[in-house]
Amino acid sequence: MRSLIVCLLSVSGCFCETKTVEVQSGETVTLLCSDFDKNRQQTDWFRVVNSSKVSCISSMFGVAGDPSFCDGFDGGKFNMSSNSSSVSLKISGVDESDSGLYFCGFYRNRHTVIGDVTQLIIKGKIMIL
């Protein structure tokens with residue numbers, strides 16, 4: 001997983017640290033991606049599973065655009081929103097299949113820049129007997 005992160009970040013020309021977020025199955029989590037430029041033309045969220053498959057989650061044009069969701073992510077579980085300083089991805093009712101590496105990308109001035117990278121870990125529900 002670490003080599004994939006380094007590869008993604010080196011292609012985009014930035015080196016960022018990965019943060020880890022752990023939540024319980026069934027909870028809602030919001031992932032944030034700081035924006036370094038209010039003039040972004042497009043923002044995208046992606047997920048990497050098993051260090052090999054990159055999936056598009058959603059895209060938004062401009063700061064106030066309506067998000068569009070990629071195949072498999074349009075069932076209401078994912079919600080993308082934006083303000084002048086950050087972009088968020090809210091995932092409701094997470095389960096183990098939502099575990100993975102999430103990152104956003106900004107398209108501006110004919111270049112794609114990789115933003116914050118988050119490793120999302122979903123823990124099973126604790127059963128009290």
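Extension gain for the segment Ile121 to Ser84, taken as residue separation times 0.36 nm less the Cα-Cα distance, is 10.5 nm to one decimal.
Inter-label distance, Lys77 to Arg108: 3.2 nm, where each label sits 7 Å from its Cα along the C-beta direction. A cut-off of 5 Å between modelled amide H atoms, ignoring neighbours fewer than 5 places along the same chain, links Gly62 with Gln42, Thr43. Label point of Ser92 set 7 angstrom out along Cα-Cβ; within region 51-86, amide nitrogens under 16 Å from it belong to 67, 69, 73-81.
Working note: Karplus 6.51/-1.76/1.60 with θ = phi - 60° gives region 97-106 the couplings 5, 8, 4, x, 9, 10, 8, 10, x, 10 Hz, where Gly and Pro are set to x. All C-alpha pair distances within region 30-103, sorted into 5 Å bins from zero, spread as 3, 16, 29, 26, 16, 9, 2, 0 percent across the bins. Applying the Karplus relation 6.51 cos²θ - 1.76 cosθ + 1.60 with θ = phi - 60° to region 67-78 yields 3J(HN,Hα) values of x, 10, 10, 7, 3, x, 10, 10, x, x, 6, 10 Hz, where x marks Gly and Pro. Each residue of region 19-28 is assigned a 3J(HN,Hα), and the resulting list reads 9, 10, 10, 10, 9, 7, 4, x, 7, 10 Hz, derived from the Karplus form 6.51 cos²θ - 1.76 cosθ + 1.60 (θ = phi - 60°), x at Gly and Pro. One chain, two ends: Leu32 and Ala64. Fully extended at 0.36 nm per residue, the span grows by 9.9 nm beyond their Cα-Cα distance.
Coordinate-derived values only; no laboratory data. Predicted model, so just to flag it, every value in this text is computed and none were measured. When we count neighbours, we look across all protein chains shown, and the Cβ atoms used for this are built from the backbone with ideal geometry, even at glycine.
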